[in-house]
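This structure is in structure tokens; I'll ask about it shortly.
The values are calculated or read from the model by the stated rules, or taken from the named source; none is laboratory data. Note that this is a predicted model, so its numbers are computed, not measured. Cβ: placed from backbone, ideal geometry, glycine included. Neighbour counts: every protein chain shown. All accessible areas refer to the heavy atoms of the entire protein, side chains included, with ligands and DNA or RNA removed. Shrake-Rupley method; radii C 1.70, N 1.55, O 1.52, S 1.80 Å.
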Amino acid sequence: MGITRRAAIAAVSLLSAVCLAACGGSASNSSTGAASGAASASGSGAPQKATGKVTVLAAASLQGAFEEIEKTVEKDNPGLDVTFDFQGSQDLVSSLAGGNSADVLATANNSTMKTAADQKLVGSQTEFATNVLTLIVPKGNPKKITGLDSSLDGANLVICAPEVPCGEATKKLANALGVTLNPVSEEQKVTDVRGKVESGEADAGIVYTTDAAAAKDKADKINIPDGGVVNHYPIAPTAKPENPAGAQVFIDAVTGKAGQEILAKYGFGKPGSTTAGASPSAGGATPGSAAASAGASSEASAAPSQAATAEGSSVPEANKPTAQTTAP
């Protein structure tokens with residue numbers, strides 16, 4: 001009986017030890033799993049990183065802002081190399097359709113991006129900025145241009161071609177204000193319009209407010225009514241990016257807080273704006289400058305045009321721009 005009792009006690013003790021060891025092992029494993037899950041969750045919340053080359057096709061008006069965003073992207077992503085092709089948006093879409101490879105497309109209006117989407121050239125699109133038009137003249141305003149009015153009679157006016165986003169916007173603006181424009185040339189990108197004005201080859205040019213800002217001391221800005229015409233800028237990865245991770249990193253940088261601050265600095269308006277979205281600091285004339293004086297005059301001279309419709313104008317023919325050389 002004594003032997004049996006001692007055997008039973010020993011068996012119970014052994015069983016307790018086994019159970020304790022098993023429970024301890026389970027607790028340890030559970031703790032390790034929780035730590036792993038926390039690490040995984042923490043990792044998933046970290047900013048995405050990328051390396052390699054990223055090719056971005058971007059509207060010409062975005063050059064200054066995107067090149068500054070590039071610096072922040074490459075600093076945050078060692079080993080990532082962002083390269084650009086800045087052209088008129090319509091040319092960028094044609095390039096993609098022709099088989100040229102790229103990772104990101106950013107256009108200066110929705111209709112051009114829609115053309116790319118209809119051809120299945122891009123993925124999901126995100127609007128990231130807005131822009132409006134203005135008038136610029138060579139520094140000092142030698143022709144004394146005051147706006148989209150009779151001061152343009154005999155002047156060499158340059159605008160964007162109608163198939164270009166800035167040209168499409170220019171046509172809408174002219175219709176909204178009830179004015180007839182007679183340009184001497186129509187350019188394939190807005191930076192070419194700006195270049196002709198800066199060089200003095202043109203007496204006036206219709207560009208985005210961001211281009212007026214980029215011209216700095218090479219041109220003066222003449223304030224004109226915006227006519228409610230606002231260009232919305234979308235960005236998207238291409239349908240077959242060679243560097244999908246790099247493409248997303250760049251898009252996130254553009255749409256993120258730092259990228260939006262850079263775009264605002266260059267005069268772009270906030271995405272989704274349905275009014276004149278560009279920053280007042282975008283190319284605005286400084287008090288006392290020739291542009292400020294001319295701008296004040298242009299606001300007054302253009303006021304009657306705002307009452308006009310696209311079908312007809314309440315502005316007397318004498319007050320319409322009548323540059324006689326027509327665009328090719």
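In nm, to one decimal, how far is the modelled label at T126 from the one at E163, with both set 7 Å along Cα→Cβ?
Going by the 7 Å Cα→Cβ label model, 3.1 nm.
Same structure, new question: For C160, what accessible surface area do you get with a 1.4 Å probe? Give it in Å², rounded to 10.
The accessible area of C160 comes to roughly 0 Å².
Continuing with this model, one more query. At R0 = 22 Å, how high is the FRET efficiency between N110 and D252 if r is their beta carbon distance? Nearest 0.05 is fine.
0.60
Over all distinct Cα pairs, what is the inverse of the mean 1/r for region 104-188, reported as the Kirkwood hydrodynamic radius in Å?
The answer is 15.0 Å.
Then there's this: What does DSSP give for region 52-266 in terms of the percent of beta bridges that are antiparallel, rounded to the nearest 5?
The antiparallel proportion sits near 50 percent.
How are the C-alpha pair distances of region 52-266 spread across 10 Å bins, as whole percents from the shortest bin up?
Going out from 0 Å in 10 Å bins, region 52-266 shows 9, 35, 32, 18, 6, 0 percent.
Hey, which of these cross-link pairs are over 18 Å Cα-Cα: K139/K196; K120/K189; K139/K216; K172/K265?
As for pairs spanning more than 18 Å Cα to Cα, those are K120/K189; K172/K265.
K270 label point, 7 Å along Cα→Cβ, cut-off 20 Å on backbone N: hits in region 206-230?
Backbone N within reach: 209-210, 228-230.
Provide the gained length on full extension for the span A97 to A239, in nm with one decimal, where the gain is 0.36 nm per separating residue minus the Cα-Cα distance.
Working it through step by step, the gained length comes to 50.0 nm.
Among A219, S185, N110, which residue has its Cα positioned farthest towards the positive end of the charge dipole of region 52-266, with +1 placed on the Cβ of Lys and Arg, -1 on the Cβ of Asp and Glu, and the dipole taken about the Cα centre?
A219
Using C-alpha positions alone, give me the convex hull volume of region 71-132 per residue in cubic angstrom.
So the per-residue Cα hull volume is 115 Å³.
Can you give me the convex hull volume of the Cα atoms of region 45-108, divided per residue and expressed in Å³?
About 92 Å³ per residue, rounded to a whole number.
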